[in-house]
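Q: Sharing a structure here in structure tokens format.
Read the figures in this text as sums done on the coordinates, not as results from a lab. In this text the structure is predicted, and so the values were computed from the model without any measurement. Every residue, glycine among them, receives a Cβ derived from its backbone with ideal geometry; neighbour counts consider all protein chains shown.
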Amino acid sequence: MNNKSKKAVRTVSGYFILTVLAVLFMFPLYWFFLNSLKNYEQFFLYPPKFWVWPLRFANYLEAYRYPSLQFGQMLKNSVIITALSVIGTVLSSTIVAYGFSRIKWRGRDQVFVLVILTMIIPTEVVLTPLYSIYSKLHLLDTWIPIIAPFFFARPFYTFMIRQSMMGIPMEMDESAEIDGCNVWQRLLYVILPQVKPALLAAMIMAMQDQWNNYLEPLIFINSNSKQTISVGLTFFSGMYNIQWNLVFAAAVIVAMPILVIFIFLQKYFIQGIVVSGVKG
Amino acid sequence: MSKWSRKEKKQLKTGILMISPWLVGGIGFTLIPLLLAFGMSMTNYSFFSKPKFIGFENYITMFTKDPLIWKSLGVTFIYAIVAIPLQLIFGFLLANLLNQNLKGIVVFRTIFYIPCLIVVVSSSLLWRQMLDTDFGIFNYILSWLGMGKISWLSQTATIIASAVLISLWQSGKMIIINLSGLQGIPTSLYEAADLDGCSKLRQVYYITLPLMTPVLFMNLIIGLIGAFKTFSSFKLLTNGGPNNASLVYMLHLYNNAFVNYQLGYANAMSILLFVIVGILTIWLFRSSAKWVFYGGE
Amino acid sequence: MKKRFAALLIGTMLVSSLTGCTGNSSPGTTEATTVNESKTEKAGGNVTYWTWQTQAGEAEAKQVEYVQSSNPNLKLNIEYTANADYWTKLPVAIAGGTGPDIYLMTRPSFELYAASGQMMDISDIVANSRALSEYMEKLRPELQETYKFDGVLMAIPITVESTAIAYNRDAFKAAGLKDLKEIEDTWTWDDFADIARQLTIKGNSGEGEQYGCWIASDRIPFWEKLWSAGYEMFDEKQETCLIGQTGIVEAYQPLVDLYQEGMSPNSVDVPDSSYGDDLFISGKIAMIPAGIWKVPSYANITTFDWDVAQLPLDPTTGKRVSSSNVLGLCINPNSKNLEATIAALEELVQPDCMKIYADMGVFVPALESVRDGFFTMDTPQNIAAYKKALDYVHPNTLTQYIPYQQFGTLQNNALKNALSGKMTLEDALKEANEEINKVMDENKAQFNQ
């Protein structure tokens, strides 16, 4: 076979596998969106229908206007908190990752294992001690307990960026040093451009983690007006029953902002960033 | 007496300076609470009483008087053994598929990423509904195919399978990480291999895999920690039931802390978890020297 | 003019002598809580109120309106938390020295929170407040007593519940049976079993299947049955659990048998107790024990005709008892603005404010005079069954020595084991009894250390 038809086969098979998997992935998603358009009784139909009519778009309005839920306010809160957390991640995780990967200092790799170990600790464990600490500092019912960790290089994102940085040959640093770049300049002009995909991934990850973060806002924030929307979603699960249709409608609304941002950031994931060698 | 050269000293200073955010954060948000938690684990701090120091009694109770500890550890281990390899393989394969230079690849990437955007509260409700024995769509499809109903959420094996399935469905995060790792590999390497007449498969084996080992290693660590910390999906799917069939360790911990209000005991449980996962992690790190290849060194 | 002034003076003196005479009153309460003709002395400030009733948002908003319009100095903030998280957040907040000023309490958890110092002794506060003491006096004796711990009043009851049997009228018609509410005054659990057998239709799996009843491991109707038969779950001092006793086993055994005959769908493997409601709403169950709070969600039913009937009588004692969750309002000991909190409470217990719950069909107020609004709804027709049931309620009392949820889990697991046939009911209940006593002993030791 000549090159052209080889390429064609590869393209078709690529599409094929992707499509099959995509359909499987999409099915629960389809169900998710369909649920948000049902009325309450339709959740208990047997046999289940793959389609319902009429579509109840009023669910979205009803969910948004749910009396005990300050939907708009909580949505705003989530946006601000998430944005700040992403900024914090970019600032702190890159610097710390740099310190753990591009500078040779004694004990560096052993200390890094400690970074990993701190990732193990589940939030539930440190929750009550942290609560007492924040309580004494009068920081409860503010956003600081929730945002602060992101400004102090959360291990996960730091780990990710560090791994990516470890993949860059040290010669680049060295030649930049010879050229007269100091540590910070090396970080900014040499290393950072090369870890763009990892940095981007870390930003997306931080955005998603904070958007969906549930336990910390629940415990540290008492006022509904300062609460995040991820906690707000639980308001549809009453003591005795769940308002199925409203929960899903609300979840769809909540998923939208991040989805839009993700699609927008997609174009920065360019295929094959060419790193051909030592920069001149 | 100076064992360290001037340069080393300077490197050390710079290094510490750069990682200072983590040092402060790590100590403040993690180390101190962890020590406090350890301290609490040596008391019988609960809703019912002021804390009283009881030494290691909680730990002894854990190992001798609480059968649910072993049960929950067992369920968690099984989940970990099943989930981690599947997540690694699935994440890697899918990232490779999504790394192709096909038109419209953006659409596919979005489709595979969206599920992880759905807050765990609603995704668990979604799957609970789909896996429902009587009303669920899964069993309905099975009945089309002439197969009987499966009680998805009533036995340990099927509940774990469901939880693994959900985690794979929501593995968009790891896929993105792998994708960014793949994109860090210079295309020039692939081009050179093409010129040499290397088949695609061999390219994956000789180029992609080795260069991806740092990222894969991270997947492994994250997967390990995540599997042992798994909580929300099990809580919202079955709340550990029926009759503790799907009680994962963190759920047992949560119940002890916030349902039975025995915080001292719960803290002891968390210290145990920390020790177990810590040992596994350190072991993985040690072994990583043998198979992880960092391009920079 | 002089006469009127004198009357006013005498009136004020009388009232202040009433409030001043009760001995040791909490600081600052006497002035603030005396109800003046002139409204200018009402205490003001921010008052935070915690509740898990997220579905009652509209009603609560109206209550806030009422409170703030009758006392413009007050600002009442209602903060919601989902039920599952409420019982995590509340103790953490109070233990941490913060938390709300007023919070909602459910009866089964009362003893534990009272014994652990999570709420304020309000007997003096109520005695010093005309509005609050008037409110308490209008309540039935059992409601007046129910939120007392060691004889001391700790919370103000605000709503009550009752239970009945909801049923599918179309299913009854189709089987040629009398409509259930016609026999509701005399039917017993034996009749219940007979009817359930007649209404269970086994088709091939899928369509056409119908079950006579729903039997699950929940407190309803377990608590109904054992109380109707004249037994209690704990001894008088609430220090020992007694659910394994023979009387209780005998009372519940008929339902276990009925379940094992196949008259109820599988309730053991389901993830949630609300599953029964889902099945009822989809028309698969003919009869289901239903608390009054189910009425709003059953109101969504459009595909068949449904109604409610009073609980069956116990065949041996001829009595029936409905479990009742009495919700109450507690004051946080950490409350920083006690005067305002008390003022807010005084407005909340006003008949016009309590009436809002009834009129909006959200809760049944503890105050009898304003209940009628709740029972005027069209569906179900026989909503009066719940009203009549309020005459034979037993408040859901537990004990301070085991948290409600922990008790519930142990009870549920035991009943599930019995229903599924894994253990006999006797063994299951005895085992649960032992486990519960173990927990209680440990907790007792912690209390007393």
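Q: Kirkwood hydrodynamic radius, computed over distinct alpha-carbon pairs, for chain B: how many Å, to one decimal?
A: Evaluated on chain B, it is 22.7 Å.
Q: Now a separate question. Please work out the Cα center distance from segment C:429-449 to segment B:92-147, rounded to the nearest Å.
A: 45 Å
Q: Just from its helices, what would the mean residue ellipticity at 222 nm be for chain A, if runs of 4 or more DSSP H residues each count -39500 (n - 2.57) and the sum is divided by every residue, rounded to the nearest 500 deg cm²/dmol?
A: My calculation for chain A gives -20000 deg cm²/dmol from helical runs alone.
Q: Quantify how much of the Cα-Cα distance distribution of chain C extends past 39 Å, in percent.
A: 27 percent
Q: Next question, about the same structure. Using a 10 angstrom cutoff on alpha carbons, build the Gaussian network for chain A and name the most mobile of A:Met119, A:Met207, A:Met239.
A: Among A:Met119, A:Met207, A:Met239, the largest GNM mean-square fluctuation belongs to A:Met239.
Q: Moving to a separate point now. Which residues' amide hydrogens lie under 5 Å from the amide hydrogen of C:Thr48, considering only partners 5 or more residues apart or on another chain, with H built in the peptide plane?
A: Here C:Asn77, C:Asp101, C:Ile102 satisfy the definition.
Q: Could you line up A:Thr19, A:Thr89 from fewest to most neighbouring Cβ atoms inside 10 Å?
A: Listing A:Thr19, A:Thr89 from fewest to most nearby Cβ atoms yields A:Thr19, A:Thr89.
Q: Residue by residue, what Karplus-based ³J(HN,Hα) values in Hz, rounded to whole numbers, does segment A:26-40 have, using 6.51, -1.76 and 1.60 with θ = phi - 60° and x for Gly and Pro?
A: Once θ is set to phi - 60°, the couplings for segment A:26-40 become 5, 4, x, 5, 4, 4, 4, 5, 4, 4, 6, 10, 8, 9, 4 Hz.
Q: Please report, to two decimal places, log10 I(q)/I(0) for the protein assembly as shown at q = 0.05, 0.06 Å⁻¹ as given by the Debye formula with identical point scatterers on the Cα atoms and no solvent.
A: -0.36, -0.51
Q: Turning to a different aspect of this structure: Which entries of C:Lys319/C:Lys444; C:Lys42/C:Lys138; C:Lys173/C:Lys319; B:Lys235/C:Lys173 have Cα-Cα distances beyond 32 Å here?
A: Pairs exceeding the cut-off: C:Lys319/C:Lys444; B:Lys235/C:Lys173.
Q: Same structure again: Take the Cα atoms of segment A:81-233, build their convex hull, and give its volume per residue in Å³.
A: 121 Å³
Q: Quick one: what are the phi-derived ³J(HN,Hα) couplings along segment B:270-278, Karplus 6.51/-1.76/1.60 with θ = phi - 60°, whole Hz, x for glycine and proline?
A: 6, 5, 4, 4, 4, 5, 4, 5, x
Q: Can you give the percent of C-alpha pairs in chain A whose distance is more than 35 Å? Mind dumping the intermediate values first?
A: On the way: 14772 of 39060 pairs.
Here the tail beyond 35 Å accounts for 38 percent of pairs.
Q: I would also like to ask the following. May I ask which of C:Lys355/C:Lys387; B:Lys52/C:Lys89; B:Lys103/B:Lys200; A:Lys104/B:Lys290 have a Cα-Cα span longer than 18 Å here?
A: Values: C:Lys355/C:Lys387 16 Å; B:Lys52/C:Lys89 23 Å; B:Lys103/B:Lys200 20 Å; A:Lys104/B:Lys290 21 Å.
Over 18 Å Cα-Cα: B:Lys52/C:Lys89; B:Lys103/B:Lys200; A:Lys104/B:Lys290.
Q: To continue, here is another question. Can you give the relative contact order of chain B as a percent, counting alpha carbon pairs under 8 Å and 6+ residues apart?
A: RCO, chain B: 28 percent.
Q: What residues have an amide H closer than 5 Å to that of C:Tyr211, excluding those fewer than 5 places away on the same chain, when H is modeled at 1.01 Å from N in the peptide plane?
A: Hits under the 5 Å cutoff: C:Ile201, C:Ile285, C:Ala286.
Q: Sticking with this structure for a sec: Using a simple charge model, +1 on the beta-carbon of Lys and Arg, -1 on the beta-carbon of Asp and Glu, nothing else, what dipole does chain B show about its Cα centre, in debye to the nearest 20?
A: Taking the Cα centre of chain B as origin, the dipole is about 820 debye.
Q: Project the alpha carbons of segment B:1-41 onto their principal axes and report the range along each, largest first, in whole Å.
A: 45, 23, 6
Q: Write down the percent of antiparallel bridges among all DSSP beta bridges whose residues are both part of the protein assembly as shown, to the nearest 5.
A: 60 percent
Q: In addition: Near B:Lys149, which aspartates and glutamates are there with a Cα under 15 Å away, not counting those fewer than 8 places off in the same chain?
A: B:Asp132, B:Asp134, C:Glu207, C:Asp269
Q: Rounded, prolate or oblate for segment A:1-96? Axes are the square roots of the Cα gyration tensor eigenvalues, ordered a ≥ b ≥ c, and the cut-off for rounded is a/c under 1.5.
A: Oblate, since a/c reaches 1.5 and b/c is not below a/b.
Q: Ranking B:His252, A:His138 by Cβ neighbours within 10 Å, fewest first, what do you get?
A: Lowest to highest Cβ neighbour count: A:His138, B:His252.
Q: Another question about this same structure. Report the trypsin sites (Lys or Arg not before Pro) located in segment A:1-94 that are in a DSSP loop and have at most 13 other Cβ atoms inside 10 Å of their Cβ, or state none. Intermediate values should be presented prior to the final figure.
A: Details: sites: A:Lys4, A:Lys6, A:Lys7, A:Arg10, A:Lys38, A:Lys49, A:Arg56, A:Arg65, A:Lys76; in loops: A:Lys38, A:Lys49, A:Arg56, A:Arg65.
Listed in order of number, the matching sites are A:Lys49, A:Arg65.
Q: GNM on chain C, C-alpha springs below 10 Å: top fluctuator among C:Ser267, C:Ser369, C:Ser324?
A: Taking springs between Cα atoms under 10 Å, the residue moving most is C:Ser369.
Q: Please list, in chain and number order, the residues 5+ apart from C:Ser324 or on another chain whose amide H is under 5 Å from its amide H, with Hs placed from the backbone.
A: Amide H neighbours of C:Ser324, under 5 Å, 5+ apart: C:His394, C:Asn396.
Q: Using the structure shown, list the pairs from A:Lys136/B:Lys50; C:Lys416/C:Lys438; A:Lys136/C:Lys237; A:Lys49/C:Lys178 with a Cα-Cα distance above 28 Å, or answer none. Mind showing how you got there, number by number?
A: On the way: A:Lys136/B:Lys50 19 Å; C:Lys416/C:Lys438 21 Å; A:Lys136/C:Lys237 39 Å; A:Lys49/C:Lys178 34 Å.
Pairs exceeding the cut-off: A:Lys136/C:Lys237; A:Lys49/C:Lys178.
Q: With a 10 Å cut-off between alpha carbons and a GNM built on chain B, which of B:Phe112, B:Phe48, B:Phe63 moves the most?
A: Residue with maximal mean-square fluctuation among B:Phe112, B:Phe48, B:Phe63: B:Phe48.
Q: Roughly how big is segment A:3-60's charge dipole about its Cα centre, with Cβ charges of +1 (Lys, Arg) and -1 (Asp, Glu), in debye to the nearest 20?
A: Dipole of segment A:3-60, to the nearest 20 debye: 480 debye.
Q: Could I ask something else about it? Enumerate the calculated ³J(HN,Hα) couplings along segment B:44-60 in order (Karplus 6.51 cos²θ - 1.76 cosθ + 1.60, θ = phi - 60°), each rounded to whole Hz, writing x wherever the residue is Gly or Pro.
A: Karplus-based 3J(HN,Hα) across segment B:44-60 equals 9, 4, 8, 5, 8, 7, 6, x, 10, 5, 10, x, 8, 4, 4, 5, 5 Hz.
Q: Check cross-link reach from C:Lys202 to the aspartates and glutamates: straight Cα distance under 14 Å, and skip same-chain residues fewer than eight apart.
A: Filter leaves C:Glu261.
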